[in-house]
Amino acid sequence: MTATEIVTPPAPDPGAAPPRRRAALRRLGRSPLGIAGFTVLAVAVLAAVLAPVLAPYSPSQVHFDAPFQIPGTVGFALGTDDLGRDVLSRILYGLRASLLVGLLAIALALAIGVPLGLAAGYFRTLDAVISRFTDLMLAFPFLLLAVGLAAIRGPSLGNAALALGIAHIPGMIRVVRSETLRLKNLDFVAASLVDGASDVRVLGRHVLPNALSAVIVQATVAIPQAIIGESVLSFLGLGIQPPDPSLGTMLADAQQYAARAPWTAVVPGLAIMLVALAFNLFGDALRDALDPRSTR
Amino acid sequence: MRSYLLHRLWQSAVTLVLATIVVFLGVRALPGDPAAAFAGEERDPASLAAIRERLGLNDTIVVQYGKFVLGALRGDLGTSTRTGIPVSQMIGTGLPVTIELSVLAMLVAIVLGVTTGVVAAVRRGRPAEWFANGLALLGLSVPNFWLGLIAILYLAVGLGLFPASGFVPLGEDPLANLHHLVLPALVLGTGIAAIVMRQTRSAMLESLGADYIRTARAKGASPRAVIGRHALRNSLVVVVTVVGLQLGILISGAVVTERIFGLPGFGKMTIDAVFQRDYPVIQGVVLVTAAAYILINFLVDIAYSLIDPRIRVAGAQT
Amino acid sequence: MRLSTAAPKIWARGAVTLGIALAAAVTVACAPVQQAAAPGATPATDIFGTPADPAAVQRGGTLTMALSAEPDMLDPTQSRSFYTRYVFHTMCEKLYDLDQNTRIVPQLATALPTVAPDGLTVTIPLRQGVRFADGTPMDAQSVVTTFQRNLTMPGSGRRSELGPITSVEAQGTSTVVVHLSAPFAPLTSVLADRAGMIMSPAALQQLGDKFGSAPVCVGPFKFESRVAQNSIDVVRDPNYYAADRVFLDHITYRIITDASIRAANLQSGDAQVADQLSTQDVPSLRNAKGIQVLDSNSLGYQGITFNVGNTSGLGNAPGHVGTPVADDPRVRQAFELAVDRQALVQTVFGGLYSVACSPVSPDTVYTSEAAQACTPHDPAAARALLQEAGVQMPYPIKMITSNNPDSLRLAQALQALVADGGFNLQIVPVEYSALLDQQDRGDFEMLQLGWSGRIDPDNNITNYLSTGGGQNVAGYSDPALDALLTRARTSTDQAERVRLYGEVVTAIHAADPIVYLYRQRNYTGVTSAVSGVQVFPDGIARIAFAGRTR
């Protein structure tokens, strides 16, 4: 399930942001878990980007003479699946698809959620409308949307990302809205309004940069949720479609023969866990780093 | 307080009507035909036409919506196009299952989540925090259909501790009912527990760092009192929000858990109905889901205002 | 496709993906490539199960059956789902039934029907002293009422099955006479399915088109309750004419759609019978203690349907599609040559399903050598034929398929298998309801499609391939085939029908609008807690006369 996690706003960050950011980066650099998360992420992203170079086989190449090879078999470092496809190659390409879905989904949530959240928090007239919209979206089961999209446009990577992205919009709106509400009442914003700055300028120069920390943290939390959401959609047959693999489809496929060939399920399961874990560790460290008071 | 309640009620009604219209139009925009989905491999053009007529699909959309609204106001949500079972009866059997599952899962989530969250915040930098964090991260990082499958394979089939699937109504045999729901509730609850834990932890950290806590500490309040009376109470505001949000998600989407454990719940009913283009069921289900979600949010808001009276004022202004 | 064989290089690459390769370290080190399981194994012999031995079972008790799909309306007239027949089996007996050799035997009738020499009058003698579950008597008049409903109710699923019936009359209380406008050989087999289930006129009177909410028929069990998408319960019917043969008190059908979960329920003992076991689970279940896997060929088929003339939707006259695969039978024949059915069945289903080359079930009396003729796998010949047809090589072709795991695995294996024969197969997965829509509209080039199957070949062919057939989504039209099918359907001479269906299959192979691929086998798991469960080629688990093992 795609659960929505709302991140508590970090401390107010009035005035000049850059030095604070640098301090945050320095703090991030001192967090061993954050570094570990970042390293795993970097490796995963690198592996995904370089999949065509790294993968020993095409992810869809079948070897009818070698199904269910155990990991460690010569030529198949992580074994093969039911159709004799190389699990390592599929993991690499699957990583690619899964990360892509996660990033696309969150990009969509950001692109729509941030402006709406800013508007809702800043302009009281718009708040009622946008909050109703948010309520409607939250009341509407997101899986219905995913099934609908799959029915209309055929199940695919893009549609999975679209559905997951839409599912994360309300959470993003709420985070940004509450940040904006809080920042709007702070002295330095009020002061610039008194100075005659336009609303757009205030939003762009003061509110958005200060809300950014909360947004970034919310995004790092939402990405692993989207990656797991993708696997759920795949389980229901609504995700990325064969022969292209994603970690979720691999897991869903493996469900049918988990007892016979556990590695076909364990490996993608571990990969999902590692990536999600890395995102979460990194997100945690980032949150702590951006919030000086929590670092005591 | 009264005008605030009225205001919220009005907002809720608008959301509800919007939701039904969106769904009504949405399901009809899907490719695929309820008559064909019903007839499946045994369909032919002549009988499809007859089935469509019987299902009232030849009326205009406005007439269909009118019939739906009139029926709904009388408590009649139509019958399933596939099984012929009245939708209200389906909801009547499906909803309690999902509610019970959700409540139990939420219980699991709150007990696990709040405890580990408090421990993680209070024992910052100690092994206890690492352990609690690790648990939460695992909970966040495992797809729950996978967890469910493992649970069935090892706990139900392997060890025979729990039934692998199925459901016994609460009224029929409370013990058997609980026995059937333990695994699903655990599986569904752990994912949410992780979120609750993280929320609790950050809210606790926030509170523990706040001035009034420092003041309380400086005044010499015992650590236990600081944590319990001040920090936790304040953190609960955040936790309640999260719980409210997750409840909405739970009710609308326990689909996977229900499907894996063969629970005749609401979520599974919904997804099956969409696959089958069972319009009356989808409409009924969304109507009830939206109503439930709105009700929960309403209750959360009230819980909020009880925990923190300032919110009432802020809320009334919007 | 990139191919790399240098093992050290692979290991080096693997090492780069450090985090993921961890899993390999946990498991075993270097091992040689292992042989694929059971090479070239032919499906095992049929295991139909045996009737309950009265000495070995107790009276009373409940049986729980894990059912793979939710039945639709429990109304014999309106039902369209294969799975509903599982439930009907215990509560709605039919005029005729099948035995394990797929022969038609009387059930509520006392003998096979007498057909007049002109084939236009069919006389059915009925069992006497039979009562419905509501206690009312079943007589010839109730059979007539059932026929009337099946023939006239709007949306009846039986209307088209029943063929050219003009009228049905009761002669006395125990004989029914059916009048036809043309001879119709499949009638008896149709009466061995839902069209032959006799409904209580009293219940029909009371419930009308809501009969399915509380069906009343003649059967060893009667309907008790139904919880949507969860379960259907039936209890022993004291009114049943052979009540002393019934051991169980109660049967619960529990709907569990995931095959692996069904298997798990069988193993944990929560269910005693489970249908449609996955070929992934069958090997381990066969070895599991206390579980028997019943095994029989199904009557249906799975295959590839090409769009050869469906340009304006099902029910409209065929048109001209204009692509090589639609217009040139050689391209379709090349496809058939390119498919290695044996490899397909072996890879995707572990060799547990049977290869199929025709719509005629080899387990029925209608089979013949000609009806089972098979195009051998020959990729070179496939390429040569494509060359001859003068089409682009590899020939690109899009196949729409349902997005469930089994169909997708099949599609992927097929994709790999036909590459050698000169086809570049592209898979387009479509959600089920949308798939039905697309195939009816003719919005496809090639389609993976199956049919659950009936005993009479006419039910497996005419709807799909005759001009204007109810399910002719291929848009196929061949007057010569139509004529053959009509002769076969109206002939009352069994031997002649067998010969004609051989010719029908030859005609189908010449044009290949459908390429038949394989036949599923019915794998049904039964635990040792019950005995007397049987499954015949119609796939329906016969559990009505089973009992809890003593």
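Net charge in the neighbourhood of residue A:257 (other residues with Cβ under 11 Å of its Cβ; Lys, Arg +1, Asp, Glu -1) is -2. Along the axis of the charge dipole computed for chain B (Cβ charges of +1 for Lys and Arg, -1 for Asp and Glu, origin at the Cα centre), the listed residues B:50, B:174, B:164 are led at the positive end by B:174.
Here the dipole of segment C:91-222 is about 240 debye; that uses its Cα centre as origin and unit charges on the Cβ of Lys and Arg (positive) and Asp and Glu (negative).
For segment B:107-140 versus segment C:155-208, the spacing of their alpha-carbon centroids is 67 Å. Take the Cα of residue B:168, step 7 Å toward its Cβ, do the same at residue C:136, and the gap between the two points is 3.8 nm. Taking amide H positions as modeled 1.01 Å from N, with prolines and chain starts lacking one, the residues under 5 Å from residue C:297 and 5 or more places away or on another chain are C:522.
Over segment C:55-148, the alpha carbon radius of gyration divided by the compact-protein estimate 2.2 N^0.38 Å works out to 1.32. Sequence-distant contacts, meaning Cα pairs under 8 Å at least 6 residues apart, place the relative contact order of chain B at 27 percent. The Cβ shell under 13 Å around residue B:97 holds other residues with a net charge of -1, Lys and Arg each +1, Asp and Glu each -1.
Annotation: amide H-H contacts under 5 Å for residue C:354 (H modelled 1.01 Å from N, sequence separation of 5 or more, or interchain): C:519, C:521. Roughly what angle does helix C:7-16 make with the longest principal axis of chain C, taking Cα atoms, 0 to 90 degrees, to the nearest 10? Tilt relative to chain C: about 80 degrees. Counting neighbouring Cβ atoms within 10 Å and putting the fewest first, the residues A:33, B:30, B:175, A:78 line up as B:175, A:33, B:30, A:78. Dividing the helix sum by the residues of chain C, where each DSSP H run of 4 or more adds -39500 (n - 2.57), gives a mean residue ellipticity at 222 nm of -8500 deg cm²/dmol. Hydrodynamic analysis of segment B:132-216 uses the Kirkwood radius over alpha carbon pairs. Inserted into Stokes-Einstein at 20 °C and 1.002 mPa s, it gives a translational diffusion coefficient of 141 µm²/s.
Using only Cα coordinates, the Kirkwood hydrodynamic radius of segment B:1-66 works out to 14.5 Å. Note on the protein assembly as shown: antiparallel DSSP beta bridges, both residues inside, total approximately 75 percent of the bridges counted.
Over chain B, dividing the summed -39,500 (n - 2.57) contributions of all DSSP H runs of at least 4 residues by the number of residues returns a 222 nm mean residue ellipticity of -25000 deg cm²/dmol. Summary of the geometry: segment A:38-94 and segment A:159-224, compared by the centres of their Cα atoms, lie 40 Å apart. For chain A, the fraction of alpha-carbon pairs lying more than 32 Å apart is 35 percent, rounded to a whole number. For chain C, the Kirkwood estimate of the hydrodynamic radius, built from every pair of different alpha carbons, is 25.3 Å. Roughly what angle does helix C:494-511 make with the longest principal axis of chain C, taking Cα atoms, 0 to 90 degrees, to the nearest 10? So the inclination is approximately 30 degrees. Counting only Cβ charges, +1 for Lys and Arg and -1 for Asp and Glu, the dipole size of segment B:92-246 around its Cα centre is about 1020 debye. Net charge of the neighbourhood of residue C:143, taken over other residues with C-beta under 13 Å away and scored Lys/Arg +1, Asp/Glu -1, is 0.
In this structure, the amide hydrogen of residue C:424, modeled 1.01 Å from its nitrogen in the peptide plane, lies closer than 5 angstrom to those of C:395, C:397, counting only residues at least 5 positions away or on a different chain.
When each full DSSP H helix of chain A is screened for a Cα extent of at least 15 Å along its own axis and an average Kyte-Doolittle hydropathy of at least 1.0, the helices passing are A:32-49, A:87-122, A:142-153, A:208-235, A:263-290. The phi-based Karplus calculation (6.51 cos²θ - 1.76 cosθ + 1.60; θ = phi - 60°) puts the 3J(HN,Hα) values of segment C:470-481 at x, 10, 7, 6, 5, x, 7, 8, 9, x, 5, 5 Hz, whole numbers, x for Gly and Pro. Farthest towards the positive end of the charge dipole of the protein assembly as shown, among the residues C:54, C:452, B:113, is the Cα of B:113, using unit charges on the Cβ of Lys, Arg, Asp and Glu. For residue C:210, the lysines whose Cα comes closer than 19 Å to its Cα, not counting residues fewer than 8 places off in the same chain, are C:222. Given the options B:190, B:81, B:15, state which has the largest fluctuation in a GNM of chain B using a 10 Å cut-off (strictly under) for Cα springs. Its mean-square fluctuation being the largest, the pick is B:15.
Positive-end ranking of B:235, C:382, B:265 along the dipole of the protein assembly as shown, with charges on Cβ about the Cα centre, is headed by B:235. Extent along the principal axes, Cα only, for segment C:91-222: 40, 32, 30 Å, with the longest axis given first. If you wrap the tightest convex hull around every Cα atom of the protein assembly as shown and split its volume per residue, you get 182 Å³. A simple charge model with +1 on the Cβ of Lys and Arg, -1 on the Cβ of Asp and Glu and nothing else charged puts the dipole of the protein assembly as shown at about 5080 debye relative to its Cα centre.
Counting every other Cβ atom within 10 Å of each residue's Cβ, C:377, C:250 order from fewest to most as C:250, C:377. What separates the Cα centres of segment B:29-87 and segment C:41-80 is a distance of 32 Å. Of the residues B:288, C:176, the one with the fewest other Cβ atoms within 10 Å heads the list, and the complete ranking is B:288, C:176.
Here is the tail figure for segment A:60-216: Cα pairs spaced more than 23 Å apart come to 56 percent of all pairs. Each listed q (0.16, 0.17, 0.20 Å⁻¹) maps to a log10 I(q)/I(0) for segment C:225-361 from the Debye sum over equal C-alpha point scatterers, namely -1.01, -1.06, -1.21. What percentages, rounded to whole numbers, describe P(r) for chain B computed over all alpha carbon pairs with 20 Å bin width beginning at zero? Taking all Cα pairs of chain B, the binned fractions are 26, 50, 21, 3, 0 percent. Only helical runs count toward this figure. For chain A, summing -39,500 (n - 2.57) over DSSP H runs of n ≥ 4 and dividing by all residues gives -23000 deg cm²/dmol at 222 nm. Compared with the dominant Cα axis of chain C, that is its longest principal axis, helix C:405-419 is turned about 40°.
Taken together, the values in this text are just the output of simple stated rules run on the coordinates, not laboratory data. Quick caveat, the model's predicted, so the values are computed rather than measured. Positions of Cβ are generated from backbone atoms using ideal geometry, with glycine treated the same way; all protein chains shown enter the neighbour counts.
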